[in-house]
Amino acid sequence: MELSDDLLCLFSGEIDRRNGSYTIEIPEREVELGDLEPDGSYRIALVPQARPQTDSDTTTSQKSTQATTEPNPPVTEGDHRTVEIETIGDQGDGIARVERGYVVIVPDTDPHERVEIEITSVAETVAFAEVVERYEHHE
């Protein structure tokens, strides 16, 4: 499945039925750390969960299903990216987002600073990076 670079956030959730309507709850962290704002209007896409695995499925097909429902991080260690620091996190580090809204933590940066980074560590939901070069601020 191909995902647009315009994607602001990506998470798994359930559709709940409440009072004759269906609702999807957005995790608070997606609003606090991302480009989403309460009471904002957004387009969403629903992708069905992969079917449950059966005993007859092979290990290869299980890995394939996992990759479909849980995409790999869009960065790898050693990658270089040019990013804009969106905000500062609770620990004082800069926070940038890359494809699919994936979070990259960049120490020693300021909001709206444009920097080239090198990814130093990658986890499922967040990566860490160091500044390689700082660029002049353009608005």
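The values are calculated or read from the model by the stated rules, or taken from the named source; none is laboratory data. As the structure is a prediction and not an experimental result, all values here were calculated from the model. Note that we place each Cβ from the backbone using ideal geometry, even for glycine, and neighbour counts take in every protein chain shown.
Numbers at a glance
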read-out	value
Residue selected from region 91-139 under the condition more than 18 Å from the chain's Cα centre (by Cα) and at pLDDT below 90, by the criterion surrounded by the fewest Cβ atoms within 10 Å (Cβ to Cβ)	E139
Members of region 104-136 found to be aliphatic (A, V, I, L, M) and part of a loop (DSSP other than H, G, I, E, B), listed by number	A123
Residues being surrounded by fewer than 17 Cβ atoms within 10 Å (Cβ to Cβ) and touching a Gly at 6+ places or on another chain (Cβ under 6 Å) - total across region 71-87	0
Where a residue in region 102-117 is under 14 Å from V132 (Cα atoms) and its partner, wherever it lies, is of a type in the set (F, W, Y) and assigned to a loop (DSSP other than H, G, I, E, B), with Cβ under 9 Å and at least six apart	E113/Y135; R114/Y135; V115/Y135; E116/Y135
Residue within region 100-117 that is under 20 Å from P71 (Cα atoms), out of contact with any Pro (no Cβ under 7 Å at 6 or more places or on another chain) and not hydrophobic (A, V, I, L, M, F, W, C) present	yes
